[in-house]
1. Within the set of other residues whose C-beta is less than 14 Å from the C-beta of P122, count the net charge using Lys and Arg as +1 and Asp and Glu as -1.
2. Between beta-carbons, use under 15 Å as the cut-off and find the net charge around L106, counting Lys and Arg +1, Asp and Glu -1.
3. Just subtract the alpha-carbon distance of M118 and I41 from 0.36 nm times their residue separation and send over the number in nm, one decimal.
4. In nm, to one decimal, how far is the modelled label at I23 from the one at Y110, with both set 7 Å along Cα→Cβ?
5. Pairs of lysine in the chain with Cα under 19 Å and at least 8 positions apart or on different chains: total?
6. Taking the Cα atoms of the chain alone, what are Rg (to one decimal) and Dmax (as a whole number) in Å?
7. Suppose every Lys and Arg Cβ carries +1 and every Asp and Glu Cβ carries -1, with no other charges. What dipole size does the range 17-120 come out with about its Cα centre, to the nearest 20 debye?
8. When the chain is fully extended, how far beyond the present Cα-Cα distance does Q50 get from A33, taking 0.36 nm per residue of separation?
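None of the figures in this text is laboratory data; all of them are computed from the coordinates on show. Treat the numbers as computed from the prediction; the structure is a model and nothing was measured. Cβ coordinates were reconstructed from backbone atoms using ideal geometry, including for glycine residues, and neighbour counts include every protein chain displayed.
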Amino acid sequence: MIGPLTGLFGIWSLPINMILSIILGIFIFLLGAFVYFKWEIYWNKTYNGQLVTGGIFQHIRHPHYVSLLIVGFGLALFFYSLFALIIAFLAVPIMIWSILDEEKLLIKQYGQKYKEYMKEVPWRLIPKIF
């Protein structure tokens, strides 16, 4: 279960207890999977080309991105890998950049409706944080 570099050379392991890391990783991964499937099910039931603002979209504007980030952090902890955790942290600014680009497209597509939605739901990924 330990990555090849960790197992062979003792590098890239996390500086926390392995069992704690694995258990925490499972919990975080399942949380990310829950957010993903909550988004996926709601999206497939409601999207018909219109702006979707109900369900999980009442709390955050980009649940798909946040679910992928949560899953990434969960997997990094589950595999007890410092390297994977660094990659998960590097994914955050990349996702933010993607979100900012996507929001420009959403403003072009939905116009004032999306701008109003941005005011109603100011949080892109994490309520009260960002």
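1. Local charge sum for P122: +2.
2. Net charge around L106: +2.
3. Stretched out fully, the M118 to I41 stretch lengthens by 25.5 nm.
4. A separation of 4.1 nm, rounded to one decimal place.
5. 6
6. 17.5, 56
7. Rounded to the nearest 20 debye, it is 220 debye.
8. Length difference between fully extended and current span is 3.6 nm.
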